[in-house]
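To keep things clear, I will list the structure first and then write my remarks on it.
The values are calculated or read from the model by the stated rules, or taken from the named source; none is laboratory data. Just so it is clear, the structure is predicted and the values come from calculations on it, not from any experiment. Counting neighbours? That spans all protein chains shown, and the Cβs are built from the backbone with ideal geometry, glycine included.
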């Protein structure tokens, strides 16, 4: 049976761009070292937060090689590979060199809204083709379809190499149902920073975080405290960041966290169309909260 290596604080790593739109390698090196040094347990690369749909095939190939070489096994790497054409996802799984990558994060098919049986058959096909362990990704706010607890549990029971789900449905009852009924060796990972604390208290094993890009030390501390059962201390940190969680997503992701990283002097505030930077008012609010928190970075 495949093991889930993705526990604790996972970071959905952004892709920093220069003002000319190219990938900022220097900023990316700094971000990766900053995140690992300050408590990241694993990195999730080429997911939603990385603006992956706007990257060229050559850029994706370069990024994969960059992360494998730079991280050099210090923390596990989870790489996104999904889509709404099952055959195309399978072809990408088979043609990609997965050396140095510890797992694949595969999102529910977007836009064409398959049935629950369609979702099952899609992920069954992926599980049978994947050369590394599979983490499912349920995010109905982006895909237009919710994978139910019953479908998730069916997949978890039928395929040993499906090791976890990144749950971002926002439905605590659904997530709790998965946690209560899941087979041994299958885990639930929070897909939303704002519900990470309550989800860990129910039995989740960690988070794939957006805010962790900017504040890995503080957020990893909250995750570790919660996983160790010190809920009072973890809740204090959770409440401290409550307003920041909202601001990060009010103008879309990753616009909020890129604004924060820009305010911290770590990247240019640059996104690729159709995404654009946060509104000035949001940027000012983020900067104000950073000053109030007095976080050293």
On the basis of being touching a helix residue (DSSP H, G or I) at 6+ places or on another chain (Cβ under 6 Å), under 25 Å from residue 206 (Cα atoms) and surrounded by fewer than 17 Cβ atoms within 10 Å (Cβ to Cβ), does residue 287 make the cut? no
State whether the residues of the range 213-236 include one that is farther than 17 Å from residue 8 by Cβ, modelled with pLDDT of 95 or more and surrounded by 17 or more Cβ atoms within 10 Å (Cβ to Cβ). yes
Identify the single condition in (1) at negative phi; (2) in contact with a helix residue (DSSP H, G or I) (Cβ under 6 Å, 6 or more places away or on another chain); (3) crowded, with 21+ Cβ neighbours inside 10 Å that residue 44 does not satisfy, given that it satisfies every other one. (2)
Going by the structure shown, is residue 135 in contact (Cβ under 8 Å) with a residue 40 or more places away in the chain, in a strand (DSSP E or B) and buried (at least 20 other Cβ atoms within 10 Å of the Cβ)? yes
Residues of the range 222-236 satisfying the condition of being in contact with a helix residue (DSSP H, G or I) (Cβ under 8 Å, 6 or more places away or on another chain) and under 15 Å from residue 199 (Cα atoms): 222, 223, 225, 226, 227, 231, 234, 235
Apart from one, (1) under 19 Å from residue 91 (Cα atoms); (2) part of a helix (DSSP H, G or I); (3) in contact with a strand residue (DSSP E or B) (Cβ under 9 Å, 6 or more places away or on another chain) all hold for residue 125; the odd one out is (3)
Before we move on, is residue 276 surrounded by fewer than 17 Cβ atoms within 10 Å (Cβ to Cβ), out of contact with any strand residue (DSSP E or B) (no Cβ under 7 Å at 6 or more places or on another chain) and closer than 22 Å to residue 21 by Cα? yes
Looking at (1) touching a residue at least 40 places away in the same chain (Cβ under 8 Å); (2) assigned to a helix (DSSP H, G or I); (3) within 18 Å of residue 21 (Cβ to Cβ), find the lone condition where residue 257 falls short. (3)
Residue 210 versus (1) buried (at least 21 other Cβ atoms within 10 Å of the Cβ); (2) over 16 Å from residue 256 (Cβ atoms): which is the lone unmet condition? (2)
Looking at (1) surrounded by fewer than 21 Cβ atoms within 10 Å (Cβ to Cβ); (2) on the phi < 0 side of the Ramachandran plot, can you tell me which one residue 49 breaks? (1)
Being within 19 Å of the chain's Cα centre (by Cα), without any contact (Cβ under 8 Å) to a residue 60 or more places away in the chain and surrounded by fewer than 17 Cβ atoms within 10 Å (Cβ to Cβ): is that true of residue 57 here? no
